[in-house]
1. Specify the residue that is farthest from the chain's Cα centre (by Cα); the eligible residues are those in segment 105-138 that are farther than 18 Å from L230 by Cβ and not in a helix (DSSP H, G or I).
2. Considering (1) within 13 Å of the chain's Cα centre (by Cα); (2) at pLDDT 95 or above, say which one A34 fails and leave the rest.
3. Please state which one of V57, V79 is surrounded by fewer than 17 Cβ atoms within 10 Å (Cβ to Cβ) and assigned to a helix (DSSP H, G or I).
4. Of these, R41, R84, which one is out of contact with any strand residue (DSSP E or B) (no Cβ under 7 Å at 6 or more places or on another chain) and loosely packed, with under 14 Cβ neighbours inside 10 Å?
5. Are any residues in segment 65-86 charged (D, E, K, R) and in contact with a His (Cβ under 9 Å, 6 or more places away or on another chain), and if so, which ones?
6. Determine whether segment 221-233 contains at least one residue that is in a helix (DSSP H, G or I), surrounded by fewer than 21 Cβ atoms within 10 Å (Cβ to Cβ), of a type outside the set (A, V, I, L, M, F, W, C) and modelled with pLDDT under 95.
7. So P12 clears everything in (1) at pLDDT below 90; (2) in a helix (DSSP H, G or I); (3) more than 28 Å from A181 (Cβ to Cβ) except one condition, right? Which one?
Amino acid sequence: MLPFGRASESAPPDSYAIVMLPLVGACIGAASGAAGWCIARWAAEPWPALGAFAAMVLLTGAIHIDGFLDCCDGVLASVPPRRRLEILKDPRHGTYAVVGMVLLALLWVAALQSIPPAKLLLALALSGALARLSVVPLLRLFRYAYAATVSRRIESPAEIAAFVLLTIGTALLAAMLSPWALLLVPAAGALAIAIAWGCARRLDGSVTGDVYGAAIVLVELALLVAIALLPWR
């Protein structure tokens, strides 16, 4: 979620960390939005939008973007499914990844430029939280590709309760932004499922961590575009 190195043996279970994904996303988004807002006080567009995008990349270490780029190369490759899984493991990036990164950056910055500066912090906090919230159900809905690595699922009552509370909190963030933004909560979940389903069809019926990362990136981008199109005036 954040590039903080290896976890210690006393760290919480992975499933609990997964439940906390929306909270981490909200913090990353808020920090990115704050960076953009600060830049907006001294410089005109596109610098605030570029600053917010750069802050997001630095805070996450581009971990989800890397998954998106791997999927551009692997999922779109015209090779058998098993070969696509091998491409996902390759640390090198090809033509599809380069084109995907360029388009992603252009669309992301364009969307941020269309959001009023006063709403930027809240908009990015919402998109960061909701994008990560939307991928949590994917852990239960789709088979993980690598048998040696178990895809973590939320199981305990405490984890489920935390997930429900964070879902409610994310919905409240949406309501604070705009009544229209409440529609984005179910839409984000549906989009994440559609992305994972499309990738699974290309990957022999399974998904990987790269697919989760790609889903987060694409859902967050779609949310920012939708927020930019909200009737602010």
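The values are calculated or read from the model by the stated rules, or taken from the named source; none is laboratory data. All values reported here derive from a predicted model rather than from experimental measurement. Here Cβ is always computed from backbone atoms with ideal geometry, including for glycine, and neighbour counts include all displayed protein chains.
1. If we take residues in segment 105-138 being farther than 18 Å from L230 by Cβ and not in a helix (DSSP H, G or I), then P137 is farthest from the chain's Cα centre (by Cα).
2. The one condition A34 does not meet is (1).
3. Only one candidate qualifies: V57.
4. R41
5. Across segment 65-86, the qualifying residues are D66, D70, D73.
6. Among the residues of segment 221-233, not one is in a helix (DSSP H, G or I), surrounded by fewer than 21 Cβ atoms within 10 Å (Cβ to Cβ), of a type outside the set (A, V, I, L, M, F, W, C) and modelled with pLDDT under 95, which makes the answer no.
7. That leaves (2) as the condition not met.
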